[in-house]
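The values are calculated or read from the model by the stated rules, or taken from the named source; none is laboratory data. Predicted model, so just to flag it, every value in this text is computed and none were measured. Here Cβ is always computed from backbone atoms with ideal geometry, including for glycine, and neighbour counts include all displayed protein chains.
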Amino acid sequence: MKSNDAVLDFKGMALLIILCASWGFNQVAIKLAIESVPPILQAGIRSIGAAILVLVWMVPPILQAGIRSIGAAILVLVWMRIRRVPILAKDNTLWWGIAVGLLALIAPSKTLLYQLVVSAIVLPIASLAFGEPGIEHITLLSFISLFYQIVWIAFITYIAWFWLIRNYAVSRLASFTFLTPFFGVIAGAICLNEQITLYLVCALVLVGTGIYFVNRR
């Protein structure tokens, strides 16, 4: 892991720009699918799909951690039996310690999954509470939009973002996220024929200048 004072290298900057461009285009993808799927429900579907993908991606490490933990627990029990140590204490501290050990092995790097699971539960309920009409029909464009949101945005780019957070200073990463709305405007101009004004161009230059000063040595 890099130091918190580490300056972003080319790989980090390139990855950040790709992420910001992806998140910016995601706003257009949401708008393209609104006619078929309401926005809050879209977010719920995105979280449900991405949560499943993250869970599938995490299954092998979880199984490996579980096998290691069970093996370690068996060795401890055998050792206690040989040493004639009581296996069951009155307060069940042994089993509590084993349970905590298992959770400690499974819990790291699961932040994204926790966030997705919570939003996957909350957002569909919020969609009903706000009276969204639900899914009436799915067009090919809506399906492509949802696929992009689930697989690329909520699964791949968010995992990449957490990787960046682990390897670079968050203060240096945060400045780049200001590029996201500008990529969104550019995507809107390309895909939706929206207008790009001179003020927007000037703002983009100012944001780029600020990012340069934040990340310079």
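Residue-level analysis places Arg172 outside the set of residues that are of a type in the set (D, E, K, R), loosely packed, with under 14 Cβ neighbours inside 10 Å and under 29 Å from Tyr114 (Cα atoms).
Of the residues making up segment 114-160, those that are assigned by TED's automatic domain parsing to the domain that holds Ala21, more than 16 Å from Ile52 (Cα to Cα) and buried (at least 19 other Cβ atoms within 10 Å of the Cβ) are Ser142, Ser145. Here Pro108 qualifies as under 30 Å from Ala14 (Cβ atoms) and at pLDDT below 60. Being buried (at least 16 other Cβ atoms within 10 Å of the Cβ), β-branched (Val, Ile, Thr) and modelled with pLDDT of 90 or more holds for only one residue in Ile30, Ile34, Ile18, and it is Ile30.
When Val214, Val205 are screened for being among the hydrophobic types (A, V, I, L, M, F, W, C), over 18 Å from Lys31 (Cβ atoms) and modelled with pLDDT under 80, only Val214 passes.
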